[in-house]
1. Tell me the Rg and the Dmax, in Å, that the Cα atoms of region 1-78 produce.
2. Rounded to the nearest 0.05, what FRET efficiency is calculated for residue 42 and residue 77 with R0 set to 25 Å and r the Cβ-Cβ distance?
3. How long is the gain from residue 9 to residue 104 if the chain were fully straight, where each residue apart is worth 0.36 nm and the alpha carbon distance is subtracted?
């Protein structure tokens, strides 16, 4: 029976397991999203939550405790700066684990561990068209999303036309350079 057993051994020695967790937590805090097996994802999520809590505390002892797990100065600075500010109003639950697929080679269950959005994202989600008490979406929500996607597509077309005009201008410069170079050779 697994009474009072809180960790997963994952078929590794303790040193290998600790090193793997350090690497995964550091990558998660750096890139804010990591794909790994489901068992590892759950452990890494727990560790990352602890590290963000230490980052929010911010004192010297918390920095030293976090340095035992988080590797790299830039990631450590991000933990105690940007992430601590982002989750200042949140009291926990900084990561989420989403099951994605089965790995082709060994059919292991894969998951994505990611940091949840800060305080601004939930407020924006509520205002953009939440749910009614009956669990149905608002009638205007579908129209709003259609307008937004149409605006995004139009913006993408404008950006692509700017890129093409920039390409044409650069090719025109290249051809004039070639022509001027050939005139110098002729003289």
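1. Over region 1-78's Cα set, Rg and Dmax evaluate to 13.1, 42 Å.
2. Efficiency computed from Cβ-Cβ geometry: 0.40.
3. Gain in length upon complete extension: 31.9 nm.
Only the coordinates and a few stated rules stand behind these numbers; no lab work does. Remember, predicted model here, so these are calculated numbers, not experimental data. Cβ atoms come from the backbone with ideal geometry, glycine included; neighbour counts cover every protein chain shown.
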